[in-house]
Amino acid sequence: MRELECPFDAEAIMLKKKQLKRKLLAEEKTVRIKKKIAVLGGQTTRDIILVMELFLLNYGIEPEFYESEFNQFYQDAMFPNEQLEAFQPDIIYFCTTNRNIKKFPTLRKSPGEIEIMLENEFSVYRQMWERVAAVYQCPVIQNNFELPLYRLLGNRDAYDVHGFTHYVNRLNAMFAEYAGTHKNIYLCDLQYLSADYGIRSWSDPFYWHMYKYAVAVPAIPFLAHNVANIIKSIFGKNKKGFVLDLDNTLWGGIVGDDGPENLKIGAEESTGQAYSEFQRYLKAHTDLGIVLTVNSKNDMENALAGIRHPDNILKEEDFTIIKANWNSKDQNFRDIAAELNVLPESLIFVDDNPAERMMVTEQIEGVRAPEIDDVVHYGIMIDRSGFFEVTSISEDDLKRNEMYRNNAERIRQQAKFADYGEYLASLEMKARITAFEPICFARIAQLTNKSNQFNLTTRRYTQYEIEELANSPEHITLCGKLEDKFGDNGIVSLMIGRIEKDVCHVELWLMSCRILKRDMECAMLDQLVRKCRERNISQILGYYYPTAKNKMVEQLYSDMSFAKISENEKNETVWEMDLRKGYLEKNRYIKVEEEK
Amino acid sequence: MSRAEILERLNEIFCEVFDDATLNISEETSAADIEDWDSMEQISILMACEKMFQIKFDIEEASMLVCVGDIVTLIENKIC
């Protein structure tokens, strides 16, 4: 929804939040995952919650909130609380600020006393994090502290142990140290947000004395947006890549008209420097596994001449796909998504031309195209949108770019084979299918939250639930990784079977769409059958729950020779496979490595 | 700007904040008359007034508002 995209009009959001919520809820096509969020505040949190709800709905997450009583964050976290326990939060957000700091250093205190105060203050938070981790077993989001509004010692406040600024900086460093070394805790960087907004306005005491808001009400959307970004990232809803225009987006000038030698790029003059800075910013994304592609109205020859300009920071090999032709940009955009094997909405469109942006965003549902205007602000427009909020850095992420490149290469190869089977055989695929292993819990939980298409039941799990299932004797868990001659695809398929006497209920079966039609689903089922046989299970029951996005697997069980045994009014179907009748292994093209 | 004109523009703000196009407020309207009007929604109303009339309320003024008439008076004093 445009009103909720950067740069948003924060005052308009505050004013129209009821209307915006009504409109978001009226969007029927949107499939949203439901998440329970406990907001434990050290200030009034009502508007923060109301606005956060808008951003989350816009990200495809339908939140339910628990809100602590005013300033009861510590009590709620530290003591048994039936209501919160029954709520079973998926996320706990500690919305605290420097107004919650209990003791301030003064000139009368010795450095030793201040050190002890600091330890005591920090231990309040550490105890809360430890207790909620043990009791609620869910990710925790914690505000760090905004810098103080007043500086008693002036500049010295920053470097004297008696300065409150110094004290807050130390506390923030302790928070960072903890969050950087513990799983499942994420900092909401209030220090950065408030600085970005302007501390003087952010901490306007009017709102504290009037309403007990430690963040100025007009700044609430910036805080809410930031927290929503962390949450959507935790649940695997980050964007995956860029689709970039060339002329006047990556360099100044039009390569076809001006010639590559006259493009503005590089250190020679100001405009060129600004484009270089933007290119450097984009290039840094590739380390995060964010894919870069080109969508340009140009002859390929001209486009490449521009890209090969020696002063470019981005080189030809940084782009996984280059589309330079005279097709419409939305057509190219769809083709790029298809070749990468990702949903179009997971790519960001960057183009200086508003008409092209409109074309793409109107033609393709859910695509975001930041309204960039002047090259000096291209980077910040993208940066503040939080498209790629990094909550975890997995090995898969680091390898992702290679994976996209391999995908595109596979698609090119596919065209060379007469017969699809021949193509599959040529891929030399190897799968490793194991039970859920601790090292993969994070990625497994992430997959359950973001897979929509090849997903039979669309059940979502937290990392802790995954851990429990992995340890449960009543469950068979399968996690499939697939490798081929082009590279490693990482974890691509999951199955969870619940065992009840001699029946196995398939509660989850999902697969990443980038390896569709590769026989991996067959390999997974084969493995499940093997595991069931080891346990003398005689019957497998499969369930299909239709959603707006998983129609592709409506007939999967039928294709796998299950028999339909029931269907209810919601078109949810149940399928049976009788193992006593024998089972023919279905996978033909993948070499499966046995579990150790 | 007359009190009636101020009231008319205030009505637009109320319709927006409470997402109810049928609202028709008078100077006597108070929090008791509109179900969702509490101290929290008051923030949105005051923010919208500040923007629409290009004024600023101080903490004393913001604390004293009971009914719509109070808001009208306050705005009238500031812009006239």
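The values are calculated or read from the model by the stated rules, or taken from the named source; none is laboratory data. These numbers were taken from a predicted model, which means no experiment stands behind them. Because the Cβ atoms are built from the backbone with ideal geometry, glycine has one as well, and the counts that use them run over all protein chains shown. For accessibility, only protein heavy atoms count, side chains too; no ligands or nucleic acids. Shrake-Rupley method; radii C 1.70, N 1.55, O 1.52, S 1.80 Å.
Below is a table of values for the structure above.
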| item | result |
| --- | --- |
| Any pair with Cβ under 6 angstrom, 6 or more apart, that starts in segment A:464-485 at a residue that is open to solvent by 30 Å² or more (accessible area, probe 1.4 Å) and ends at one that is among the charged types (D, E, K, R) and not in a helix (DSSP H, G or I) | A:His475/A:Arg498; A:Lys481/A:Arg432; A:Glu483/A:Lys430; A:Lys485/A:Glu428 |
| One residue from A:Lys109, A:Lys102 being surrounded by fewer than 20 Cβ atoms within 10 Å (Cβ to Cβ), touching a residue at least 24 places away in the same chain (Cβ under 8 Å), of a type in the set (D, E, K, R) and in a loop (DSSP other than H, G, I, E, B) | A:Lys109 |
| Looking only at segment B:1-13, and only at residues there that are of a type outside the set (D, E, K, R) and in a helix (DSSP H, G or I), the one that is farthest from the other protein chains (Cβ to nearest Cβ) | B:Ala4 |
| Filter result for A:Trp575 (modelled with pLDDT of 95 or more, crowded, with 19+ Cβ neighbours inside 10 Å and more than 26 Å from A:Arg32 (Cβ to Cβ)) | yes |
| The listed residue being small (Gly, Ala, Ser) and open to solvent by less than 10 Å² (accessible area, probe 1.4 Å), out of A:Gly198, A:Gly163 | A:Gly163 |
| The listed residue being in contact with a strand residue (DSSP E or B) (Cβ under 8 Å, 6 or more places away or on another chain) and open to solvent by less than 70 Å² (accessible area, probe 1.4 Å), out of A:Ile114, A:Ile141 | A:Ile141 |
| Residues that are touching a strand residue (DSSP E or B) at 6+ places or on another chain (Cβ under 8 Å), aliphatic (A, V, I, L, M) and either part of a loop (DSSP other than H, G, I, E, B) or surrounded by fewer than 21 Cβ atoms within 10 Å (Cβ to Cβ) (or both), drawn from segment A:241-273 | A:Leu246, A:Leu250, A:Ile254, A:Leu263, A:Ile265 |
| Unmet criterion (only one of (1) at pLDDT 95 or above; (2) over 30 Å from A:Ile393 (Cα atoms); (3) among the polar types (S, T, N, Q)) for A:Thr96 | (2) |
| Subset tally (residues that are of a type in the set (Ser, Thr, Tyr), closer than 23 Å to A:Leu343 by Cα, under 26 Å from the mean Cα position of the chain (by Cα) and not in a loop (DSSP other than H, G, I, E, B)) for segment A:277-333 | 2 |
| Complete set of residues in segment A:216-240 that are open to solvent by 10 Å² or more (accessible area, probe 1.4 Å) and either assigned to a helix (DSSP H, G or I) or within 14 Å of chain B (Cβ to nearest Cβ) (or both) | A:Pro218, A:Phe222, A:His225, A:Asn226, A:Ile234 |
| Among the residues listed as A:Asp47, A:Asp90, the single one being within 13 Å of chain B (Cβ to nearest Cβ) and open to solvent by less than 30 Å² (accessible area, probe 1.4 Å) | A:Asp47 |
| The lone exception for B:Arg3 - which of (1) under 10 Å from the mean Cα position of the chain (by Cα); (2) farther than 24 Å from A:Arg46 by Cα; (3) of a type outside the set (Phe, Trp, Tyr) it fails | (1) |
| Candidates A:Leu292, A:Leu314, filtered to the one that is surrounded by 20 or more Cβ atoms within 10 Å (Cβ to Cβ) and touching a His at 6+ places or on another chain (Cβ under 8 Å) | A:Leu292 |
| Residue within segment A:177-191 that is within 14 Å of chain B (Cβ to nearest Cβ) and open to solvent by 30 Å² or more (accessible area, probe 1.4 Å) present | no |
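Each row is one residue, and each column tells you yes or no for (1) on the phi > 0 side of the Ramachandran plot; (2) within 10 Å of another protein chain (Cβ to nearest Cβ); (3) surrounded by fewer than 21 Cβ atoms within 10 Å (Cβ to Cβ); (4) at pLDDT 95 or above.
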| position | (1), (2), (3), (4) |
| --- | --- |
| A:Asp9 | no, no, yes, no |
| A:Lys16 | no, yes, yes, no |
| A:Leu24 | no, no, yes, no |
| A:Glu27 | no, no, yes, no |
| A:Ile37 | no, no, no, yes |
| A:Gly41 | no, no, no, yes |
| A:Met52 | no, no, no, yes |
| A:Phe55 | no, no, no, yes |
| A:Pro63 | no, no, no, yes |
